[in-house]
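Asker: Below is a structure I'd like to ask you about.
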Amino acid sequence: MTILISTQYQSPAVYHETHLVSVPEKNFLHHLIKPTSSVLELGCGTGRLYPILGTGGRKYFGLDRERLMLDFFLEKCPDACVAEADWNDWPFLVENFDFVMMARNTWFHVYPDFRLSLLGRIFSALGDKGQFVLEVDSVKDCDKAQYVDFFPHSIAEIVSVLGKAGFLMHSRKSLMGVKTALCFRKACR
Ligand SMILES: C[S@@+](CC[C@H](N)C(=O)[O-])C[C@H]1O[C@@H](n2cnc3c(N)ncnc32)[C@H](O)[C@@H]1O
């Protein structure tokens, strides 16, 4: 049996209610985001993190391919700047961001064959002192086979593929249970 994870994005209200921001996640991001002035959130979904990432005078740009998720987001936050697009097509190279985020296992939606090309474009969009932050669940090998639109892999594998794209992990933070935030910078700055 195969599982299509993306069907949950057809019910944004349910997704939003069942993926609340945890206290450790909130505290961690508040601290991390403070010195930054521009944020790109890939796979922003319902804007779960917008009250943290998009406030404090920060420039925020969210991107997601699911119209229903963005409609839910914009209903709550009509002033948010978002685009309906696939991250493989979007030319987010026009200006630099100093913070790029892929929250809550969004990274696992990137097709393995497209990882390096997407990372190359994130690298270009990120300022030299910027941070790229991924939130992922720790996964076991047996989790891998059953999905058609979700490609979980271990933290060691994530660090390795990001290393190939020129990123170096400078810290990681356990957020709650299996949830971990991985923080990367450009390796040569
Ligand atoms: C697990 S949800 C996370 C949503 C949000 N970041 C959060 O923390 O609640 C993953 C999001 O990535 C979006 N997504 C998946 N593949 C995408 C793609 N190729 N381009 C743009 N968005 C994509 C989905 O539509 C979904 O909203």
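FYI, it's all coordinate maths here, none of it is from the lab. A quick note: this is a predicted structure, and the numbers were derived from the prediction, not measured. Cβ coordinates were reconstructed from backbone atoms using ideal geometry, including for glycine residues, and neighbour counts include every protein chain displayed.
Asker: Run the numbers on the stretch 37-186 and let me know its relative contact order in percent, using alpha-carbon pairs under 8 Å that are six or more apart. Could the numbers behind the result be given before it?
Answerer: Values: 264 pairs, mean separation 31.0, N = 150.
Value for the stretch 37-186: 21 percent.
Asker: Still on this structure, I have one more. Using the basic label-point model (7 angstrom from Cα toward the beta carbon), what is the Lys34 to Phe150 distance in nanometres?
Answerer: The two pseudo-label positions are separated by 3.5 nm.
Asker: On alpha carbon coordinates alone, what is the Rg over Rh value for the stretch 1-133, Rh being the Kirkwood radius? Walk me through the numbers before you get to the answer.
Answerer: Numbers: Rg = 14.4 Å, Rh = 15.3 Å.
Rg/Rh: 0.94.
Asker: Taking springs between alpha-carbon atoms closer than 10 angstrom, which of Phe99, Phe114, Phe167 fluctuates most in the Gaussian network model of the chain?
Answerer: Phe114
Asker: Go ahead and set up a Gaussian network model of the chain, Cα springs under 10 Å, then flag whichever of Asp149, Asp89, Asp64 fluctuates most.
Answerer: Looking only at Asp149, Asp89, Asp64, the biggest GNM fluctuation is shown by Asp89.
Asker: Once both labels are modelled 7 Å past Cα along the beta-carbon direction, what's the Leu168-Phe114 spacing in nm?
Answerer: For the pair Leu168/Phe114, the computed spacing is 3.0 nm.
Asker: Sort 12-19, 38-45, 128-135 by the packing proxy (mean of other Cβ within 10 Å over each peptide's residues), most packed first. Intermediate results must be reported in sequence, preceding the final value.
Answerer: Values: 12-19: 14.1, 38-45: 24.0, 128-135: 19.8.
Top to bottom by mean Cβ count within 10 Å: 38-45, 128-135, 12-19.
Asker: Looking at the chain, what % of its DSSP beta bridges pair antiparallel, to the nearest 5?
Answerer: 45
Asker: Continuing with this model, one more query. Semi-axes, largest first, in whole Å: what does sqrt of 5 times each Cα gyration tensor eigenvalue give for the stretch 64-189?
Answerer: 22, 20, 15
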